[in-house]
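Here is the structure we will look at, set down as C-alpha cells.
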C-alpha cells in the first residue's frame, strides 16, 4: 500500500470533502469535525458518486413513534437512490429482504440497535501526517 | 431518418430554468395570469406536489447543470450526463411542468401549447436524439384532441402524454376524444405516473408518507389500466398503443390473471369486450422499466419478464430524477442477447416506429 497525499491539513477544513484519484479509482475524503474518513467514490448499489451525497445522521426507530438520531454528520447518503453508509465503516443500515433468513449481527450502540444492510462502501484509511492528510490505498 | 444506434430511453424529464422560459410561446394574457394568479392544480391547497420529495426537485444531487438551474434544465448537460454517458441513442421527453392538470382549462391549454413549442424548439431541435411528447390539457378532452391533431404530422413528437391521476378513471368516455385523435394519428399514448386528480392518492384517503405515494403509482396504474380495458377503449381503437410510464410492471401478470378470471364469469356485464382482458393488454399495452423492482433473487425479475413478455417492457432512465435507473445496472439476471435488444431498443422501435 502506498501513501497518497490528499491535501495540506490547513487547506482541508472541517465540513469539507475532497475527491482524489488513486490508482485510477476515485476516492472521496471527508473532514467531519476534524476527523478524516475515506471511501471509494462509488456507491455499491448502483455506482452513484458519493462525493455529491449529503452527510446526514442515522435515524432509527425501536418502534413506531420512538426515534433515535445518532451518528450525526457521519452517514453519507448516495445522491442517486439515497442508500446510506456509515463513513467510518462503509456499512449500510437498510436491511434488504433476504431470500433466506440469516442471523443479523446486532450490537448495542448508544440508544439503538443497528441492523446491517446488504451493501458496504469501500473505506480507505486516512490520517494526518506532518500536517498533510494522506490516504493509504 | 436513419435508425439511431444505442439505447432507447422512454422517460426523460426536461425542466424549465424559470417560468419565463415559456414566455416566447404564451400570449401576454397568460403570462400575466400566471404572475397574478398562478396555476391552480386539481388538488386544493397545494401549488405543486402533494408530497414533498426526498431529494431537491425529486432530482439527482449530481445532476445540477454546471451553468446553474435545476436538474434537467440544460440541453448540453443532459446530453453529456445522460445521452453520451449511457449511450442513449433516442429518448422521449416527458415534461412534468405544471400544465396538464391546471384547473383553469384555458390556462391549461395555453401552457400545454407553450410547453410543446418549448420541447420541440429548445430541446429536440438542439438534440436530434430527443423526441417530444404532445402535452395535452386532458381534463378538456376536445381541446386535447385538437392539440394532438395540431402536432400529429410533426415527427419531433413521439407520443401523447397523459398523467395517471386524472379526475375520472382514464377509460371514462369523457376522455375518448383523446384516444380517438391518437389512434387516428397513429401516435402512442404514454400515461406517466403522477398528476393532481383532485382525489386522494389512495382509494381510502391520504397516505401519511411519500413512500406510500411512490407505491401508490402502481395501484393507480392498475386501476387506470383496468378502466381502459373494461370500458372498451382497446375494443373501440384496436390499433391504439398505450405505454404505462414509471408505474411498475411486475404487477401486470397478476392483474391480467385476475381480470381474465372475473371476465370469464362476468362477461355478460361487459358484452362489448370481444377479447379477454389479457388479450387486449398484450395487444395494446407496453410498460417502461424504471423504477425496476430489486428482489434479492434477481431471477424473479426474469420470471416476470418471461411471464409478461420480453416484447412488452422498454428501458427508461427517468433522468434526472433521484430514482434514475442506469441502463448498465438494470438487467442483473441472465438474459439472451435478443431479449436485451428487445428491452433496450427493439420494443421501443416497434412502438414509436418512424418517429
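Bear in mind that the values in this text are calculations on the coordinates, not laboratory data. Note that the coordinates shown come from a computational prediction; the quantities given were computed from them, not determined experimentally. Methodologically, a virtual Cβ is constructed for each residue, glycine included, from the backbone with ideal geometry; neighbour enumeration extends over all protein chains shown.
As a proxy for reagent exposure, ranking B:332, B:256, B:211 by other Cβ atoms within 10 Å from fewest up yields B:211, B:332, B:256. Over all orientations, region B:175-246 has a Cα convex hull whose mean projected area works out to 5.1 square nanometres. The percentage of C-alpha pairs in the protein assembly as shown whose separation is greater than 39 Å is 29%.
Between residue B:117 and residue B:294, the FRET efficiency from the beta-carbon distance, with R0 = 35 Å, is close to 0.35. Using Cα centres only, tell me the gap between region B:125-177 and region B:270-348 in whole Å. Region B:125-177 and region B:270-348 have Cα centres spaced 23 Å from each other. Each Cα pair under 8 Å and six or more residues apart adds its sequence gap; the mean of these over the residue count of region B:141-196 is a relative contact order of 52 percent. Among B:5, B:345, A:16, the ranking by other beta carbons within 10 Å of each residue's beta carbon, starting with the fewest, stands as B:5, A:16, B:345. Only DSSP H runs of four or more residues enter the estimate; each adds -39500 (n - 2.57), and after division by the residues of the protein assembly as shown the mean residue ellipticity at 222 nm equals -7000 deg cm²/dmol. Sorted ascending by nearby beta carbons within 10 Å, beginning with the fewest, B:67, B:279 become B:67, B:279. Approximating the spin labels as points 7 Å out from Cα along Cα→Cβ, the residue B:23-to-residue A:55 distance works out to 4.1 nm.
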